[in-house]
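Taking it in order: structure first as structure tokens, then the write-up.
The values are calculated or read from the model by the stated rules, or taken from the named source; none is laboratory data. Since the structure is predicted, the reported quantities are computational estimates derived from the model, not experimental observations. A quick note on method: Cβ atoms are made from the backbone with ideal geometry, for glycine too, and the neighbour counts reach across all protein chains shown.
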Amino acid sequence: MPKLPVTRRWLTRAGLAAGATNGWIAAALAQGAGTSGLLRIGMAAPNTTLDPHLQNNAPNNAVASHIFDTLVTNDAASHSTPGLAESWRLTDDTHWEFTLREARFTDGAPFTAEDAIASIRRATDIPSTASFRTYTRSVKSMSAPGPRRLLVKTDGPDPLLLNSLSRVRVIAAGRAGAGTSDYNNGTAAIGTGPFVLRENVPGSYIRLARNDAWWGPRLPWSEVVLRMVTDDGGRLAALLSGDLDLIEAVPSQSASRVRSSPRFHLIRGISSRFVHVNLDVHRDVTPFAAGPDGRPLPANPFKDLRVRRALNLAINRQAMVERVMEGDAVAASQFLPKGQPGTSDRLEVPPFEPDRARALLAEAGYPNGFRMTLHGPNDRYVNDAKIVQAIAQMWSRIGIETRAEVMPWSVYASRGPRGEFSAGLAAWGVNTGETSNPLKALCATWDRDAGMGASNAGRYSNAEVDRLVLEALRTMDEARRNAMLAEASRLVFEDVAILPLHHEVSVWAGRRDVTYQTRNDQYTLAMGVGRS
């Protein structure tokens, strides 16, 4: 195919007048998914950057997957399959050898092992509030004996290296020094992936063209538009009116409207997303808690286990699943449902016991409760704003007067990981199929250099949890590793390091002639969309 140049001339930026662009998007919306090969997808949460290494979150990673490949691909069931590495072998517990496939970047440059090395280093070193270093921390050294051979030495046995490498998207070594702005405006957003970036209007839409030189299977869509439609009702209305072909995160209360139309259908899949609440258990004084009279509290109440247990027992999870989620969730006791690798058989879904919660508050020295704010996004997780409001009401009923404050994901995604809040709604896609990943990221003691606790917003720290997680991450024997992870999980949730809520059931809706292969990680990828 003719090479598509990447220049500032045709890339649309947020600040440009949108006359020509609006004309194009209007024409695209009118065409629909048909013989034109145009696919229009409604995304529930906007990505915050096109820099593939800046901020590790699902919206960013899903969008980046269209443009950039990874050495190893995480498939729909979270299994490691060949990507830019067509094969690999473990020569001993710490030495991996990868054979790389022949591929080219969309500017025509060949992909080599040096590009893979530069990408892993950049993902490790770039300053970030949600770093990819959690996936690269075990890499001790890398070398390229030839353009298609990559040698990786880890600082100890790493049973999850393949899965970790599926998170690091590959850029050209020559662009490793490019800044985030160069990726966002498109000049550096050049990968080997299935699509080529054509336009990026942050917060509005991204336009992609099929890369016919891609090494993977030929895709049915010559052009893809990823439209950011954060309003649930607006996203559904755009589908039903014919302006979109597929949407993600269908509101449970709106599913009946899709079912009632012969032109559309629902697509459901159980996800690995674990929804929970973070608590500030680190600071001596926390910013969003006050006494009943509104005066600042002299001590952080969330450092007291009795207060954390009270908050946990005040949440009616079954009511949340039935009423707020309308059945599109499963109440959670830990990171994954019991019985899956690395879970504890000693953990149950926390019971709803408001009287016991009030007694615990009195024991902790808060017989009259206190005031607090629960923060969360309003356009990221399924029913996120409603979840925040429901929990705030439940906590208020046990004497903790709770204010719900929500904000766009583009704001929350940067503030939450920095630990700005006293309590915040969060979620984690447990995409390794076992629990070392969330334990390492969410509950290990924060250590940037070691890549531990990268998303530990509450700065929880437990030396025994750290020991178990670190040992598990060096254990190649699966049974031994899972036993250690199960014990670490038990310690975390018995200590109420975070408050488990539920596992999401993902729901997409599309035109009757559009299919989608659902994924455990909940990503919406044009590569998984087909025609029936």
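If a residue must be in a helix (DSSP H, G or I) and under 25 Å from the mean Cα position of the chain (by Cα), how many such residues does region 458-483 contain? Lay out the reasoning, then the answer.
Narrowing region 458-483 to residues in a helix (DSSP H, G or I): 463-472, 478-483.
Now narrow it down to the ones that are under 25 Å from the mean Cα position of the chain (by Cα): 465-466, 468-470, 472, 481-482.
Here the count works out to 8.
Thr230 is checked against (1) among the β-branched types (Val, Ile, Thr); (2) in contact with a Ser or Thr (Cβ under 8 Å, 6 or more places away or on another chain); (3) under 21 Å from Tyr381 (Cα atoms) and fails just one. What number does that condition carry?
(2)
Looking at Ser78, Ser65, Ser87, which is the one that is buried (at least 22 other Cβ atoms within 10 Å of the Cβ), under 30 Å from Asp158 (Cα atoms), modelled with pLDDT of 70 or more and among the hydroxyl-bearing types (Ser, Thr, Tyr)?
Working: Ser78 fails: buried (at least 22 other Cβ atoms within 10 Å of the Cβ); Ser87 fails: buried (at least 22 other Cβ atoms within 10 Å of the Cβ).
When all the criteria are applied, what remains is Ser65.
Do we have any residue at all in region 109-127 that's over 25 Å from Leu442 (Cβ atoms), surrounded by fewer than 20 Cβ atoms within 10 Å (Cβ to Cβ), among the hydrophobic types (A, V, I, L, M, F, W, C) and in the same structural domain as Leu161 (by TED's automatic domain parsing)?
yes
Sort out which residues of region 268-293 are surrounded by fewer than 19 Cβ atoms within 10 Å (Cβ to Cβ), assigned to a strand (DSSP E or B) and of a type in the set (Val, Ile, Thr), and write them in order of number.
The initial filter retains those residues of region 268-293 that are surrounded by fewer than 19 Cβ atoms within 10 Å (Cβ to Cβ), namely 268-270, 282-285, 287-288, 290-293.
From the residues that got through so far, the ones that are assigned to a strand (DSSP E or B) too are 268-270, 290.
Answer for region 268-293, where residues must be surrounded by fewer than 19 Cβ atoms within 10 Å (Cβ to Cβ), assigned to a strand (DSSP E or B) and of a type in the set (Val, Ile, Thr): just Ile270.
I'd like the full set of residues that are surrounded by fewer than 21 Cβ atoms within 10 Å (Cβ to Cβ) and either in contact with a Cys (Cβ under 8 Å, 6 or more places away or on another chain) or part of a strand (DSSP E or B) (or both), limited to region 318-330.
Correct list: Val330 only.
Which condition number does Ala413 fail, the rest of (1) assigned to a helix (DSSP H, G or I); (2) surrounded by fewer than 23 Cβ atoms within 10 Å (Cβ to Cβ) being met?
(2)
Of the residues in region 324-352, how many are under 30 Å from Asn368 (Cα atoms) and in contact (Cβ under 8 Å) with a residue 24 or more places away in the chain? Even if it seems obvious, please write down each step before you answer.
Taking region 324-352 and keeping what is under 30 Å from Asn368 (Cα atoms), we get 324, 331-333, 348-352.
Among the residues that remain, those that are also in contact (Cβ under 8 Å) with a residue 24 or more places away in the chain are: 324, 331-333, 349-352.
Counting residues in region 324-352 that are under 30 Å from Asn368 (Cα atoms) and in contact (Cβ under 8 Å) with a residue 24 or more places away in the chain gives 8.
Kindly list, by first and then second residue, each pair from a residue in region 174-202 that is assigned by TED's automatic domain parsing to the domain that holds Asn61 to a residue that is crowded, with 19+ Cβ neighbours inside 10 Å and acidic (Asp, Glu), limited to pairs with Cβ atoms under 6 Å and residues at least 6 apart or on different chains.
What qualifies is Thr180/Asp51; Tyr183/Asp51; Thr192/Asp69; Gly193/Asp69.
Working carefully through the options Arg283, Arg346, Arg268, find the one that is out of contact with any Leu (no Cβ under 7 Å at 6 or more places or on another chain) and modelled with pLDDT under 95.
Numbers: Arg283 fails: modelled with pLDDT under 95; Arg346 fails: modelled with pLDDT under 95.
The unique qualifying residue is Arg268.
Exactly one of (1) in a loop (DSSP other than H, G, I, E, B); (2) modelled with pLDDT under 95 is unmet by Thr445. Its number?
(2)
Quick check on my filter: what residues within region 215-235 are free of Cβ contacts under 8 Å to residues at least 40 places away in the same chain and either assigned by TED's automatic domain parsing to the domain that holds Thr106 or crowded, with 17+ Cβ neighbours inside 10 Å (or both)?
Correct list: Pro217, Arg218.
What pairs come out if I take residues in region 154-165 that are assigned by TED's automatic domain parsing to the domain that holds Leu90 and pair them with residues that are crowded, with 21+ Cβ neighbours inside 10 Å and in a helix (DSSP H, G or I) whose C-beta lies under 6 Å away, six or more apart or interchain?
Ser164/Tyr135
Out of everything in region 488-515 that is over 30 Å from Thr343 (Cα atoms) and not polar (S, T, N, Q), what residue ends up being surrounded by the fewest Cβ atoms within 10 Å (Cβ to Cβ)?
Arg512
Could you grab the pairs with beta carbons closer than 7 Å, sequence gap of 6+ or different chains, first residue in region 391-403 and without any contact (Cβ under 8 Å) to a residue 60 or more places away in the chain and in a loop (DSSP other than H, G, I, E, B), second one surrounded by 17 or more Cβ atoms within 10 Å (Cβ to Cβ) and among the basic types (Lys, Arg)?
Going by the 7 Å Cβ cut-off, the qualifying pairs are Gly399/Arg358.
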